[in-house]
Amino acid sequence: MNLTRALGSVGGLTLASRILGLVRDSLFARFVGAGFASDAFLIAFRLPNMFRALFAEGAFSAAFIPMFNRKVADPDGDGLPSGVRFAEDALSVLLPILIVMTVVMELAAWPVTWLLSGGFNGVDRDQFAFAVELSRITFPYLLLISLVSLLGGILNSLHKFWIAAAAPILLNLTLIVALLFFHAPDTLLTARTQAIAVTVSGVLQLAWLVWACRRAGVRLKLKRPRLGPDVRKLLKLIGPAAAGAGAVQINLVVSTALAASLLGAGSVSYIYFADRLNQLPLGLIGIGLGTVLLPTISAQLGRGDEAAATETQNRGLELALFLTLPATVALVACGQPIVAALFQHGKFTPADSAATAQALAAFSLGLPSYILVKVLTPGFYARHDTKTPVRFAMVSIAVNLILNLAFIVPLKHVGPPLATAIASTVNVALLWHALQRRGHFAVDRQLARRAPRLAAAALLMGAVIWFANKPLEPWTTGASLHRWIAMFALVGAGALVYFAATFLFGAFYVADVKTLLRRKRAS
């Protein structure tokens with residue numbers, strides 16, 4: 001499989017989804033702003049968002065895909081039908097569990113919302129009650145997105161990566177339609193409409209995946225629950241994988257809860273909008289690479305080809321650094337004009353933009369780490385080891401909690417993002433060391449030569465856009481159209497400088513581009 005081409009397919013659709021997400025967030029900032037209603041909705045939206053990341057993009061895929069692939073490739077089996085029977089057995093057990101979990105969450109909405117918000121520090125009981133109401137509306141999404149992840153795992157195993165990658169587009173489109181056609185002067189009503197749209201989008205995503213599976217010849221039948229050995233193994237793997245893949249999401253939940261309970265109104269919104277911008281490169285690069293690498297490496301290891309698996313992971317790291325380093329530097333160097341252009345409209349003020357840009361800079365320092373976690377963990381999951389990543393994730397979560405408590409008072413809304421970035425870096429260091437110590441990964445000569453050159457190119461780009469931002473400041477803080485022009489000018493100039501610098505510093509050569517083009521034509 002061509003890793004670059006596969007990443008382009010997944011990454012392109014993920015990019016489309018994230019751009020639509022920014023459109024959604026821009027409209028949300030315009031119609032709801034950063035305050036009572038926005039904080040309540042974002043607390044209610046945090047748990048569904050976390051489950052989407054944990055299951056659709058992490059835990060379930062990490063446990064399910066290697067097992068499904070082995071069933072399909074087993075010479076004693078009958079290929080795809082063996083995999084489908086395993087999926088049906090998994091569905092028969094998971095569906096009742098998910099239904100019970102959803103009912104429990106509905107009944108326990110009050111304590112769950114309190115854990116996510118700290119009760120908003122007890123300052124505003126009406127705000128907390130409103131957040132509980134919105135949480136009850138969004139909880140069914142947890143059931144729906146978990147079923148989506150099962151079907152998406154099947155399609156990814158069949159190398160139909162684009163179908164599952166397109167599903168989140170439906171979430172953003174549904175929320176955008178709700179904002180455009182059902183917004184109201186009362187921000188509470190608009191926030192309630194958004195909560196309803198979240199669950200509606202889950203129904204649409206499930207329908208899309210069911211249709212796509214049938215087109216691929218996969219029709220799952222509901223069976224009586226049977227806890228066979230394969231399903232027991234799957235359930236045993238899912239728990240550790242959830243914590244291992246979800247350290248970043250769990251850290252964000254901790255950060256959000258502390259911000260809601262210890263900081264003033266708007267702090268949750270600042271962290272949310274900063275995280276959304278940080279998620280754009282994370283979604284495009286990290287999720288795309290993680291989606292492609294896991295089935296690829298598990299298939300290579302299934303053939304006993306350790307050398308190919310190591311080569312795949314090196315090229316994955318190279319792609320991650322090539323795309324992530326400039327994104328990190330750009331978000332730190334010119335976060336203010338980017339935030340202003342996207343969100344500073346209507347009820348979202350210049351002061352809100354400044355606070356969000358500060359949180360964005362802190363988040364962005366950990367962007368390489370967030371993405372490297374996605375690249376390194378398939379090296380464990382493909383070998384059916386979900387316990388090691390969870391141990392490291394627990395260390396990361398503990399570091400995040402300690403640093404949150406240390407930073408949140410002196411640094412306010414910047415403290416939680418900075419703590420999350422440092423905690424993720426600790427996670428990457430532990431994963432990297434474990435893979436190398438076991439002999440499952442070694443940096444090859446090409447990656448060792450290119451990585452520092454890519455870093456130098458990104459720093460040069462950062463210096464250029466930092467100084468370019470000064471003369472453009474009247475535009476970056478001016479009228480809406482001027483802010484957009486200034487943002488595109490900075491981003492465009494940064495991209496040109498970075499790509500030129502990669503060739504200037506020898507990170508890439510013209511021959512590399514020619515080779516890539518030949519591969520694309522051949523494919």
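The values are calculated or read from the model by the stated rules, or taken from the named source; none is laboratory data. Predicted model only: the values in this text are computed from it and were never measured. Cβ placement follows ideal geometry from the backbone for every residue including glycine, while neighbour counts extend to all protein chains displayed.
Brief remarks follow.
- Subset of region 302-321 [crowded, with 19+ Cβ neighbours inside 10 Å and either at pLDDT below 75 or among the β-branched types (V, I, T) (or both)]: T310, T312
- V443 falls short on exactly one of the conditions (1) surrounded by 21 or more Cβ atoms within 10 Å (Cβ to Cβ); (2) within 27 Å of the chain's Cα centre (by Cα); (3) aliphatic (A, V, I, L, M), and that condition is (1).
- Summed over region 463-482, the residues that are part of a helix (DSSP H, G or I) and among the hydroxyl-bearing types (S, T, Y) give a count of 2.
- Residue ID - farthest from R226 (Cα to Cα), chosen from residues in region 80-102 that are in contact with a Phe, Trp or Tyr (Cβ under 8 Å, 6 or more places away or on another chain) and crowded, with 19+ Cβ neighbours inside 10 Å: G83
- Residue match in region 369-389 (condition: at positive phi, surrounded by fewer than 24 Cβ atoms within 10 Å (Cβ to Cβ) and in a helix (DSSP H, G or I)): no
- For region 131-148, the candidate set comprises residues that are in contact with a Phe, Trp or Tyr (Cβ under 8 Å, 6 or more places away or on another chain) and surrounded by fewer than 23 Cβ atoms within 10 Å (Cβ to Cβ); within that set, the residue that is modelled with the lowest pLDDT is L142.
- The single residue among A457, A429, A421 that is under 22 Å from the mean Cα position of the chain (by Cα), buried (at least 19 other Cβ atoms within 10 Å of the Cβ) and not charged (D, E, K, R) turns out to be A421.
- Whenever a residue of region 497-508 is under 13 Å from P452 (Cα atoms), its partners that are part of a helix (DSSP H, G or I) and among the polar types (S, T, N, Q), lying with C-beta atoms within less than 6 angstrom and at least six residues away or across chains, give the pairs F508/T502.
- Taken over region 339-368, the criterion of being within 22 Å of A468 (Cα to Cα), in a helix (DSSP H, G or I) and more than 20 Å from the chain's Cα centre (by Cα) is satisfied by A340, A341, F343, P350, S353, A354, A355, Q358.
- Within region 460-478, considering residues that are surrounded by 20 or more Cβ atoms within 10 Å (Cβ to Cβ), more than 14 Å from F505 (Cα to Cα) and of a type in the set (A, V, I, L, M), the one farthest from the chain's Cα centre (by Cα): L472
- Residues that are polar (S, T, N, Q) and in a loop (DSSP other than H, G, I, E, B) do not occur anywhere in region 444-462.
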